[in-house]
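> Can you keep this structure in mind? I'll have questions shortly.
Laboratory data are not the source of any read-out in this text; all were calculated from the coordinates shown. Model, not experiment: these values are computed from the prediction. Note: ideal-geometry Cβ built from the backbone for every residue, glycine included; neighbour counts use all protein chains shown.
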Amino acid sequence: MNAVEQKASAEQDAYIKALESKVAQLEEELQRFVYAVSHDLNAPMRACSSFARLLEQRYSEQLDDKGKRYLSFIGANGSKAQQMIEALLTYSRIDSRAEPPQAINVEHALEYVLGQLKPMINEKAAVIELANFPTIYMDAKHCSILFYCLINNALTYTKPDMTPHVLISGEKDEAAGEVTYRVQDNGVGIDPRFHEDVFTIFRRLHVEEEYPGIGAGLALAKRIIEKAGGRIWVESNGKDGTTLCFTCKSAHA
């Protein structure tokens, strides 16, 4: 490489580094903006929901059926807006409030998460099967949120005429120094056309009346996995259930 080529290469490297720095700065500013907006919206939305409940408690007898229906609509949508704001706050904190990564005993993490989901599991009489728990390396709180989102998704999108069955398994790749976990269900499945869309925050494939939710869980899971240096994807033909897969650095890599 002659002097001219060396100079051109050095200038290109400097340009790329400057672009990367700018992108990182813009992303940080965006996260701060999302956090600020979400935080500032939370208080007035809580107030709206609280006054809607007070109105229902104290004046419902003075309202006709249409008025009660309107009030119920206000309360339900106020509650949903609060959930969306809380999801945005959690989403924006993934990078800013991350703890140092550590070796995670996944079996213990799953015990905690399944305890949180126990009412939903009991309500649906779901069968949860666990197999293999290779240790992974990531933020401990993020690990719990990640599995909560994935298992909650599996328990939400179930078929009405079938007992929900969820299999959670892990496999370690010694050569790659990473672990792959799979959360497999026998639910409604995800059409291959939407395998990427489901990781977009607030993107929903079903109406609220069919399956409740705000469409934030898988977006949150993706952000956590990308923060940990892994990847996440969907395996489904759109009919015979869904397997949500992710990779993460092995604790002994």
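> Could you list the trypsin sites (Lys or Arg not before Pro) in region 70-109 that lie in coil according to DSSP, counting only those with at most 14 other Cβ atoms within 10 Å of their Cβ?
Sites meeting the loop and neighbour criteria: R97.
> Compute the signed sum of charges (Lys and Arg +1, Asp and Glu -1) over the other residues within less than 15 Å, Cβ to Cβ, of A216.
Summing Lys and Arg as +1 and Asp and Glu as -1 gives +3.
> Let me know the number of lysine pairs in region 123-253 closer than 29 Å at the Cα, not counting same-chain pairs under 8 apart.
17
> Per residue, what volume in Å³ does the convex hull of the Cα atoms of region 102-249 enclose?
With only Cα atoms used, region 102-249 gives 104 Å³ per residue.
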